[in-house]
Every structure is written in structure tokens, then in C-alpha cells.
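The values are calculated or read from the model by the stated rules, or taken from the named source; none is laboratory data. Source: prediction; values computed, not measured. Here the Cβ is made from the backbone with ideal geometry for all residues, glycine too, and neighbour counts use every protein chain on show. Surface accessibility is based on the protein's heavy atoms, side chains included, excluding ligands, DNA and RNA. Shrake-Rupley method; radii C 1.70, N 1.55, O 1.52, S 1.80 Å.
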Amino acid sequence: MKIGIQVMVPPYTYEDLDTAMKIAEAALEKGHEVTLFLFADSVICTNKNIKPLRIDRNIPQKLIEMMKKGKFEVHICGICMDYRGITPDMIIEGSKPSGLPELANLLATCDRFINLMA
Amino acid sequence: MALILVKYGTDHPVEQLKIKSAKAEDKIVLIQNGVYWALKDIETPAKVYAIKDDFLARGYSEEDTKVSLISYSEFIDLLESEEKFIG
């Protein structure tokens, strides 16, 4: 099954990114394919320069590890990146600058779409 | 019929509307602050579940819930069984 998850709020301030990753991990363990689409302030979580306190979770690093395992893609809204001054050289390895056409394609092709936007 | 995700607390008007609109064949999953709904009797014909991790993370114990607690893995099972998702 192909699962799409969309998030829009910033990491560390809100819980949606953590929820999205936990859902994705559970889905990947069951052999599903997951695409995480980052929209608006959620794109901040792909900044490879993020350095959380040692006791806290490292969301960008976690996303890298999940992508390395396969069947997990991180798409980033390109306009949202530009808006927040995040350039392609700043984003974590494996994540893909993307856009609304790709989001439309994801919506049309995935079996389940989890919207954490509202 | 549909999997309804509730992530805000009991004073949130949209979540109130989602729960009020749920049908008997729907499944409601309480997640994040939505787990606070699990502390009281929810008036809905739908089957209601709460994410165990999120419920325990807020300082409650398993005896405090009035709905079934599920893991993220069981959430994926529900996602597989329901074609429609309302978030």
C-alpha cells in the first residue's frame, strides 16, 4: 500500500512531525511505501544544520535514517523552502525539493492519504 | 467506512463536529491532545480508539481510559481497513 502523509507545522513546536514519523515507521515495518510531503513551516525539519539538545530527538537525522532503510521519501514544497530561506544545499541528504504538481500526483496515486494539516 | 483522526482536545469545535458527525460504521482514532477525549464517555455510535503512546505520554495510566488503546502498528491496520480518511 502507498501512503502519503502531509504536514505543515514546524518541528519541535508542534507534535505533527513526530506523529508523521511514528505512523511512517509503523507503516514501513508492515511493508508499506510512505511519502512524507512537507508543506509551509514543516520544511524547516529538513535543515541539516539543526542541532537539538543532546537529550532531545534529532528529527532531520531520524528522517535520514528512515530514508536509508528504503520505501520512504521526503518531499519538500519548493516555494515553502524559498519563502523560509532554505536552499537546496541546506537540506538533508535524500530529501527532494518538490511542489504542488507532485503533491497532486501523490494524492492521485496513493492508496491512503493522511492529512495532518488542520 | 471512514477513519476519523482527532488530534485536538475536547474544547475544539471542529473535533466536536467530527465526532458528532461520525457514523456507526466509522472508526475514530484519538491522537496527540485528542486523547483527552478518552477520559470521558464519548457520545458517538462509531468505534473509538486512542493511541496508547500519546495517552500515557500525558501522564495517564491504562486504567484511566474509556476507549481501547492501540499502538501505531494497530493504527496502520485500521488505515488499511478504511478507504476514507478524515483528518
Legend entry - Pick from the range A:87-118, criterion out of contact with any strand residue (DSSP E or B) (no Cβ under 6 Å at 6 or more places or on another chain) and of a type in the set (Val, Ile, Thr), ranking: surrounded by the most Cβ atoms within 10 Å (Cβ to Cβ): A:Ile91
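Matching residues to (1) free of Cβ contacts under 8 Å to residues at least 24 places away in the same chain; (2) outside any strand (DSSP E or B); (3) open to solvent by 10 Å² or more (accessible area, probe 1.4 Å):
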residue	(1), (2), (3)
B:Gly9	no, yes, yes
B:Leu17	yes, yes, yes
B:Lys20	no, yes, yes
B:Val29	no, no, no
B:Tyr36	no, yes, yes
B:Thr44	no, yes, yes
Inset, instruction - Evaluate the range A:17-32: report whether one residue or more is among the small types (Gly, Ala, Ser) and more than 12 Å from chain B (Cβ to nearest Cβ). - result: no
Legend entry - Matching residues in the range B:51-81 - criterion: being more than 13 Å from every other protein chain (Cβ to nearest Cβ) and under 24 Å from B:Glu25 (Cβ atoms): B:Thr65, B:Lys66, B:Val67, B:Ser68, B:Leu69
Legend entry - Residues satisfying the stated conditions in the range B:38-54, i.e. under 18 Å from B:Tyr72 (Cβ atoms) and in contact with a strand residue (DSSP E or B) (Cβ under 6 Å, 6 or more places away or on another chain): B:Ala38, B:Lys47, B:Val48, B:Tyr49, B:Ala50, B:Lys52
Legend entry - Filter pass, B:Leu3 being surrounded by 22 or more Cβ atoms within 10 Å (Cβ to Cβ) and outside any helix (DSSP H, G or I): yes
Inset, instruction - Check B:Ser68 against each of (1) open to solvent by 10 Å² or more (accessible area, probe 1.4 Å); (2) closer than 16 Å to A:Ile23 by Cα; (3) without any contact (Cβ under 8 Å) to a residue 24 or more places away in the chain; (4) under 11 Å from the mean Cα position of the chain (by Cα) and name the one condition it does not meet. - result: (2)
